[in-house]
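What follows is one structure encoded as structure tokens, with my remarks underneath.
The values are calculated or read from the model by the stated rules, or taken from the named source; none is laboratory data. Model, not experiment: these values are computed from the prediction. Virtual Cβ from ideal backbone geometry, glycine too; neighbours counted across all protein chains shown.
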Amino acid sequence: MLRVIFNATLSKIQKMIKGVEMSAIRLKSLFLKNKTFRQIIFKNTFWLVISAIIRQVVSFVVVILIARHFGPVIYGKLVFGLSFVGLFAVAMDFGFSYLVVREVARHKEKSSQYIDNIILIKFILSLIGLSLIAVVINLLGKEADVIRLVYFLGIYTVINTFTVFFYSIFRANEQMQYETVCAVFQSLGLLGLVGFLIAGSGSLVSISFAYIGSTVVGIVLSLIFVRKYFSRFLLKVNLSICWKLLKQVWPFGLTFIFISGYYHTDVIMLYVMKSDIAVGWYGAAHRFLLLLIGIPSLLQGVFFPRLSHAFISSKDKFKNVFNHFLRYIFIISFPICIGVMLLSGRLILLVYGRTFEQSILVLQMLIWSFLFAAIGGAFGSALNSSDRQIALMKITGAAFGANILLNLMLIPRFSYMGAVFATNLTRFFVISIEAVLLYRIGFLPGAINYWKIWIKIISSTAVMGIFIVLFKELNLFILMPFAALIYFSLLYLMKGLNIARTVKDQNG
């Protein structure tokens, strides 16, 4: 009798263990393997969402710590420093990270060849970039502490461009879990170092050491993952391949220089033409914009390799994936835009305090640039993945020039609000021209017929907005999740989320 009971119990335990093992295998397959189209999109979106949440929360906390510790004037100097080196960061990368995603997604067997030669080119570009940073910041005649800050942020930028380049290998292979691990450790390192330096009453210049230290963590981890799982590159340089890569990449490089230009010149021109405090007020709201843009950029990171692969398969497959991508952009971006506009006052005061009250109106107006940038990112991905990078370069180049002229005209008269108007007009110009081009080449007709989904999005957003207005006194950390829950619940009930069916399950 005892033996029967023992055998029965043992059998149940073995079944339980087997069930646990099967569940572990299924989870591993779902979150770590590439199988069908839907599963790949879900897996990579999941990992990038985890990465984005942690990075944005950490960045949010870092901003609070620095802004509240130093105040708007000194914080304005940091905003200027990050924006200034941000212009040169794009030149140091010159679009190679984007090119690698597209080309390796199409030809994975060439990974080592791309890495070997691009590392050399990026090293040379980084030396040129650092030299230009040193020359230009001294020509501007800024204070000694600002110049030193920019020097160290320049070093941080060089290291970080290599980290981002290695991330592109993960994205090209649609294995974003490795990027998430690297990014999370880098973000936590930044938070720990900033907290340590502020607790020790460190200067603004010392904060740049935190940025440098954290990006060293990111590049070491990314280098380990790339060599272990994707390519044991040996830095075998072939000058003819380098030249070929340069001929391929220059439109990407100029495009991202132009985009970075109208992302950062407003801050730089405001700093030169007005005052530190004006930059601090504008930069506080602009920082929210940069944080939020990470959300549609996440989707761009998931869909761009898939678009690049689909383009060489068939035009119909490409249009199908693009429509899927664009609808998600609309679903996510519009309610964020309305929600932030309604809550801008509480968000600014929560993060920065009463000394940044002037930033409230800036955020209410600037948030529309988030919507334009989200749509523009989707349009730009479609153009780049379909080998129309030269056309995109021309559009962004014209936008960069227009942005400088608008800032020259508007900042002297309207100060930081002039920079807001210039930014909004520039980004609206970009998406308008991109939409016309995509329509002409036949990629937008299916995507442009969105009136049904727009009715559902606007209706759900309207109810969400009413909820926010009625319960605006609720704690923000309760109000925002409930508002998001209401929006997505209504959209789900109206079948506004049933868009995955428009894309067939396919891994090829």
_For segment 398-451, which positions are β-branched (Val, Ile, Thr) and either at pLDDT 90 or above or assigned to a helix (DSSP H, G or I) (or both)?_
404, 411, 420, 423, 426, 430, 431, 433, 436, 448
*Can residue 233 be described as over 30 Å from residue 63 (Cβ atoms) and either in contact with a strand residue (DSSP E or B) (Cβ under 9 Å, 6 or more places away or on another chain) or not assigned by TED's automatic domain parsing to the domain that holds residue 354 (or both)?*
yes
_Test result for residue 94, farther than 23 Å from residue 274 by Cβ, among the aromatic types (Phe, Trp, Tyr) and free of Cβ contacts under 8 Å to residues at least 60 places away in the same chain_ = no
*For residues in segment 210-247 being among the polar types (S, T, N, Q) and surrounded by 16 or more Cβ atoms within 10 Å (Cβ to Cβ), which is modelled with the lowest pLDDT?*
231
*With the checklist (1) out of contact with any Ser or Thr (no Cβ under 7 Å at 6 or more places or on another chain); (2) buried (at least 22 other Cβ atoms within 10 Å of the Cβ); (3) at pLDDT below 90 in hand, flag the one item residue 385 doesn't pass.*
(1)
*asked:* Of everything in segment 69-101, what is modelled with pLDDT under 80 and under 30 Å from residue 34 (Cα atoms)? Give them in sequence order.
replied: 98
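Yes or no, residue by residue, for (1) in contact (Cβ under 8 Å) with a residue 24 or more places away in the chain; (2) in the same structural domain as residue 109 (by TED's automatic domain parsing); (3) more than 23 Å from residue 158 (Cβ to Cβ):
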{"position": "216", "(1), (2), (3)": "yes, yes, no"}
{"position": "223", "(1), (2), (3)": "yes, yes, no"}
{"position": "260", "(1), (2), (3)": "yes, no, no"}
{"position": "265", "(1), (2), (3)": "yes, no, no"}
{"position": "274", "(1), (2), (3)": "yes, no, yes"}
{"position": "278", "(1), (2), (3)": "yes, no, yes"}
{"position": "297", "(1), (2), (3)": "yes, no, no"}
{"position": "302", "(1), (2), (3)": "yes, no, yes"}
{"position": "306", "(1), (2), (3)": "yes, no, yes"}
*asked:* Quick check on this structure: which one of 254, 193 is under 19 Å from the mean Cα position of the chain (by Cα), modelled with pLDDT of 85 or more and either part of a helix (DSSP H, G or I) or of a type in the set (Ser, Thr, Tyr) (or both)?
replied: 254
*Cβ-Cβ below 6 Å, separation at least six or inter-chain, first residue in segment 103-119 and in contact (Cβ under 8 Å) with a residue 12 or more places away in the chain, second of a type in the set (Val, Ile, Thr) and outside any helix (DSSP H, G or I): which pairs?*
106/312; 117/237
*Which of the residues that make up segment 129-150 are of a type in the set (A, V, I, L, M, F, W, C) and either at positive phi or surrounded by 13 or more Cβ atoms within 10 Å (Cβ to Cβ) (or both)?*
130, 132, 133, 134, 136, 137, 140, 146, 147, 149, 150
*Is one or more of the residues making up segment 161-176 within 21 Å of residue 260 (Cα to Cα), small (Gly, Ala, Ser), outside the structural domain of residue 284 (by TED's automatic domain parsing) and in a helix (DSSP H, G or I)?*
yes
_Positions within segment 196-209 being part of a helix (DSSP H, G or I), of a type outside the set (Phe, Trp, Tyr) and either surrounded by fewer than 23 Cβ atoms within 10 Å (Cβ to Cβ) or in contact with an Asp or Glu (Cβ under 8 Å, 6 or more places away or on another chain) (or both), in sequence order_ = 197, 198, 199, 204, 205, 206
*Assuming residue 68 fulfils every condition listed in (1) crowded, with 20+ Cβ neighbours inside 10 Å; (2) more than 22 Å from the chain's Cα centre (by Cα) apart from one, which condition is it?*
(1)
*Just one of (1) at positive phi; (2) outside the structural domain of residue 152 (by TED's automatic domain parsing); (3) not β-branched (Val, Ile, Thr) trips up residue 201, so point out which.*
(2)
*Taking only segment 356-372 into account, find how many residues are aliphatic (A, V, I, L, M) and part of a loop (DSSP other than H, G, I, E, B).*
0
